[in-house]
Amino acid sequence: MLNQRGNGTSHSAPVRVVVDAMGGDYAPHEIVQGAVQALDRGNVAIALVGDQGPVEAELARYNVAGKPIKVVPSVGKIGDDEHPVQAMRQKRQASIVVATQVLKSGAADALVSLGSTGASMACATMLLGLMEGLERPCIGGPFLGLAPRTVLVDLGSNVDCRPSLLLSFAALGSVFARKFLNIENPRIGLLSVGAEDAKGNRQVQESLRLFRESHLNFVGNVEGNDFFADRADVVVCDGFVGNILLKYTEGLGSALLPYLQKQLAHLLPPQVVQRIGNEVWQMTNLPRTMGGPLFGVNGTVVVGHGSSKAAGVAGAIGTAMRCVEIGLVEGMRQELAALAKGAGAGQQPHPRGG
């Protein structure tokens, strides 16, 4: 039977995911463990790219005989403290470079890395290339468990953005919401300090006009509290603001956890206190459980949180599999082409405001 990638139908062959086994704070131990967990959750074949000895030693701890998982040798890794492009050129056998080359060669359908976000973006941009009509890639996806169907883009890959770049991010986020979250007509909001058109800095004010003239289902400016009010399905901002939001919520969850445990310790059984604490943490740390797709490159690349443990690695692999199965990359190409033409991809222009 032929594989049927990109239309949501079932297929007999597994989704092939290449994983940077050296990326992340707990590599390769947690990366390998998460990859093994992913094998039991879905129809997937995994290639672990990393220093051969350590990765094979970790893999030997599990009973994977006959399972579709293998090791692809590489040498070293690119750290968070290194300049991504320079390191990529100097360390041509580093794990993220080799993993991206595997994806480019067609030997894999998707790539997952929990390593340096900058290195993952640099390798994807330089080796896979950007989609036509796009200046830079971005990272997006749900980031709050309290609003799991609200997409935030950009989550931190571009700290300075022109209005035209924000508009392209909105188009990519709309495709993600439609295909990944099954939202038929995603509402796009521009993050600002007030809902009124006159509010916001120069970037927001100039972007507002472009958004209103586009074919996107733009509902206007939204504020931070609107994440919880279901005012928009895709909220757009530059990566500077997006990353502050992301890390603020992560820090809030980490601070609330011991506070809740202390307050509830004498009121509820320990196992209930633990469950509530875990749920609160997960609601404020959603990217650590599923990773975030890199929007705008010619390939399926999912960037996981560097501090994720095995469950987060397995979740990121699951995200990559779904992106392949729903044809996310091709959908984004079509939407960018439609944006350039000023009309919807295969649909009539959306009514303004909802």
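Per-structure values
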{"read-out": "Under 5 Å, built H, 5+ apart or other chain: amide partners of Phe295", "value": "Cys138, Ile139, Gly140"}
{"read-out": "Estimated dipole of segment 135-288 in Debye, rounded to 20 [Cβ of Lys and Arg +1, of Asp and Glu -1, Cα centre]", "value": "300 debye"}
{"read-out": "DSSP-defined beta bridges in the chain - what % are antiparallel, rounded to 5", "value": "20 percent"}
{"read-out": "Phi to ³J(HN,Hα) by Karplus 6.51 cos²θ - 1.76 cosθ + 1.60 over segment 15-21, Hz, x for Gly, Pro", "value": "6, 8, 10, 9, 10, 6, 6"}
{"read-out": "Cβ-based charge dipole, the chain, positive-most Cα from Ala57, Asn225, Gln261", "value": "Ala57"}
{"read-out": "Derived scalar couplings ³J(HN,Hα) [segment 82-96; Karplus, 6.51 cos²θ - 1.76 cosθ + 1.60; whole Hz; x for Gly, Pro]", "value": "9, 5, x, 5, 4, 5, 4, 6, 7, 10, 6, 10, 5, 4, 5"}
{"read-out": "Relative contact order for the chain, counting Cα pairs under 8 Å that sit 6 or more residues apart, in percent", "value": "23 percent"}
{"read-out": "Note, ³J(HN,Hα) from phi for segment 42-51, Karplus 6.51, -1.76, 1.60, rounded to Hz, x at Gly and Pro", "value": "x, 7, 9, 10, 10, 10, 8, 9, x, 4"}
{"read-out": "The chain, helix-only ellipticity at 222 nm - DSSP H runs n ≥ 4, -39,500 (n - 2.57), divided by all residues, nearest 500", "value": "-13000 deg cm²/dmol"}
{"read-out": "Cα pair distances of the chain binned at 10 Å [whole percent]", "value": "6, 25, 32, 24, 11, 2, 0"}
{"read-out": "Built amide H within the under 5 Å cut-off of Phe218, gap 5+", "value": "Ile188, Gly353"}
{"read-out": "Residues with amide H under 5 Å from that of Val71, placed H, sequence gap 5 or more", "value": "Leu48"}
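No value in this document is a laboratory result; all are computed from the given coordinates. Since we're looking at a predicted model, the values are computed, not measured. Don't worry about glycine lacking a Cβ; one is built from the backbone with ideal geometry, like all the others, and counts go over all protein chains shown.
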